[in-house]
1. Check off (1) closer than 28 Å to residue 168 by Cβ; (2) in contact with a helix residue (DSSP H, G or I) (Cβ under 7 Å, 6 or more places away or on another chain); (3) among the small types (Gly, Ala, Ser) for residue 49 and give me the number that stays unchecked.
2. Is there a residue in the range 149-165 that is surrounded by fewer than 15 Cβ atoms within 10 Å (Cβ to Cβ) and among the acidic types (Asp, Glu)?
3. Give me the residue from the range 168-182 that is surrounded by 17 or more Cβ atoms within 10 Å (Cβ to Cβ) and of a type in the set (A, V, I, L, M) and, out of that set, farthest from the chain's Cα centre (by Cα).
4. If you scan the range 147-174, which residues turn out to be touching a residue at least 40 places away in the same chain (Cβ under 8 Å) and not in a loop (DSSP other than H, G, I, E, B)?
5. Taking the range 105-146 as the region of interest, how many residues are outside any loop (DSSP other than H, G, I, E, B) and among the β-branched types (Val, Ile, Thr)?
6. When the residues of the range 194-242 are filtered to those that are surrounded by 18 or more Cβ atoms within 10 Å (Cβ to Cβ) and modelled with pLDDT under 60, which remaining residue is nearest to residue 97 (Cα to Cα)?
7. When residue 191 is evaluated against the numbered criteria (1) crowded, with 16+ Cβ neighbours inside 10 Å; (2) closer than 25 Å to residue 82 by Cα; (3) free of Cβ contacts under 8 Å to residues at least 60 places away in the same chain; (4) small (Gly, Ala, Ser), which criterion, by number, is the only one it fails?
8. Considering only residues that are touching a Pro at 6+ places or on another chain (Cβ under 7 Å) and assigned to a loop (DSSP other than H, G, I, E, B), look in the range 30-54 and name the one that is surrounded by the fewest Cβ atoms within 10 Å (Cβ to Cβ).
Amino acid sequence: MLPTDMPMPQGLPEDARELFEIWAPVTSRWSGWAKPVLFTYAPPATSIALPAWSWVGAPPLGSGRTAIVVDLPGNEGLACALALAARGFRPVPLYNNTQGEGAEVIALDPFVSGLRAAAPALAAMNIPDDAPPAFLLDSNRGSGGPTPGMFDNRWAVFAQDFPSGRALLSSGIERVVVMRREGAIRVDLVSVLRLWRREGIASERFDVATGTQSELTQDISLLAVFSGHMSAIMHGFRQNATGGFGARVPLPSEGGGGFG
C-alpha cells in the first residue's frame, strides 16, 4: 500500500524541514520513500551551481505509466531530476549515506549544496501529487577504496527502499527506466529490478550520453534475486548506530568494522 501522508522527521532545523518539504511534500504519494538524512546537515560554506543538463536523444518517458530511476554520479543526478520534474515527474531523493569526521570516501558536501541549489526551481514547479516518481541514486554509491582512518560512507539500496512492484502497478506504473551513463548497473539495483520484474514491472535502460535505449532482461529466479541481494549487503559497507550507512574505518590496532 502506498502512503498518502508522511510524518516529517523530528528534530530537523526549521530551514532543513522546509527544504525537505520541497523535495518530499506530504501530499505526494511517493514522499514516504524520500531519505531525510542529507537534509539534516548544515550547508557547506561554499555553495555550488548545478551543472547544465541535457540528454542525448529522447528518453522513453512514457505517459504517466513509467517510473524513472536516475542512477547518475554526483550532482548530475540532481540536474537530471530538475529536467524530469519539468516533464511532470516527482523527484524522490534516496541518498542514504552520512557525513563523518575526517576524509569521506564519498564527499557529501556537493549533495548537501546541490539539494539546496535545486530547491527554488523545484518549488516553483506545479508537480501533480500523483505524478510518476523519479527515484534519485548516486551511481558512485559503492565506489572508492576506504583506507584505515577514513569515514567509509559508501552505501547500497534494497527492495525496501522502493515501492513494491504491486504498489507501482496499483498506481498505474507499468515499467521503470534506468537513466545512467556507461557501465554495468550495480548489483544492488539489479536485485531490485529483478523483484519488480517478478511482480510484472518491465524495465529499460537509457544512456543519457548516447541516447541508446535497451530493454533490461534479468534472471528473475528466487536464487538470482537472493544471491544479488546477498552480494549487495556483503560488499563491506559499514553501518552506524542509527542504521544508516557510514562509519570510520578502524586502524589496524583497533579491529572491528564491516557491515552490521
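1. (1)
2. no
3. Top of the filtered list is 173.
4. 151, 152, 159, 161, 167, 168, 170
5. Of the residues in the range 105-146, 1 are outside any loop (DSSP other than H, G, I, E, B) and among the β-branched types (Val, Ile, Thr).
6. Only one residue tops the list, namely 232.
7. (2)
8. Across the range 30-54, the extreme among qualifying residues is 48.
The values are calculated or read from the model by the stated rules, or taken from the named source; none is laboratory data. The structure presented is a predicted model; accordingly, all values stated were derived computationally and were not measured. Virtual Cβ from ideal backbone geometry, glycine too; neighbours counted across all protein chains shown.
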